[in-house]
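Any read-out appearing in this document is the output of simple, stated calculations on the displayed coordinates, not a laboratory observation. Everything numeric in this text was worked out from a predicted model, so none of it was measured. Heads up, the Cβs are rebuilt from the backbone with ideal geometry, glycines too, and the neighbour counts pull from every protein chain shown.
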Amino acid sequence: MKVAAMSVSSSPLQWVHCAFDDMTPRLVHDLFQLRQQIFIIEQECLFPDIDGLDPICQHVLGLLDGRVVAAARIVAPGIDPDHSAQGQHPAIGRVVASPDLRGQGIGRKLMLQAIASCEDSFAGKGIFLNAQLYLKNFYEGLGFIQFGEAFYEDGIAHISMLRAS
């Protein structure tokens, strides 16, 4: 498990890069609780968040006082061809940050951690993601470029994006 630290307000935020099996039961609980709070309750989107991919993915977690407050998962190339540009690229997904931290740049810092993790593990490959359409400019600011037309996934407008290697 790789750990880095940064400061958010007066508390340090730790970034952890790990496999699912390296997480403690408390971290798994916090991760699923955060994703449920944002994706299912806040966004009013009923979908199968526990989709079987988490155990075979790498994860980037932002911890504040030992609790998961930001997270993203990285799917290796070839694992989920429907969500990684025909399986050629690693994919970043399930990007989420606590509402308590919004407006503090945590989403950007989380994505920079996830991009670095992809570059470390999958050097020379681009990075794929499906973004909610309203976040297009955010992801473009991180070097991602839209390809294809907008589509609806779980009732929310999305676009596919790729960041060149």
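Within the listed set Gly62, Gly141, Gly78, the residue fluctuating most in the Gaussian network model of the chain (springs between alpha-carbon atoms under 10 angstrom) is Gly141. Note on Thr24 and Ile156: their simple-model spin labels are 2.9 nm apart, each label 7 Å out from Cα toward Cβ.
Normalised by 2.2 N^0.38 Å, where N is the number of residues, the C-alpha radius of gyration of the range 39-100 stands at 1.23. Paramagnetic label reach from Tyr134 (point 7 Å along Cα→Cβ; backbone nitrogen cut-off under 17 Å): within the range 17-46, residues 37-46. Please identify, among His17, His89, His29, the residue showing maximal mean-square fluctuation in a Gaussian network model of the chain using a 10 angstrom Cα cutoff. Among His17, His89, His29, the largest GNM mean-square fluctuation belongs to His29. By the count of other C-beta atoms within 10 Å, a proxy for reagent exposure, Cys18, Cys118 are ordered fewest to most as Cys18, Cys118. From zero up to wherever the largest Cα-Cα distance of the range 73-165 sits, split into 10 Å bins and tell me the percent of pairs in each. P(r) for the range 73-165, in whole percents per bin: 17, 51, 29, 3. When Asp51, Asp80 are arranged by Cβ crowding within 10 Å, least crowded first, meaning fewest neighbours, the order is Asp51, Asp80.
Using helices alone, I'd like the mean residue ellipticity at 222 nm for the chain: each DSSP H run of four-plus residues gives -39500 (n - 2.57), total over residue count, nearest 500.
Calculated at 222 nm, the ellipticity per residue is -6000 deg cm²/dmol.
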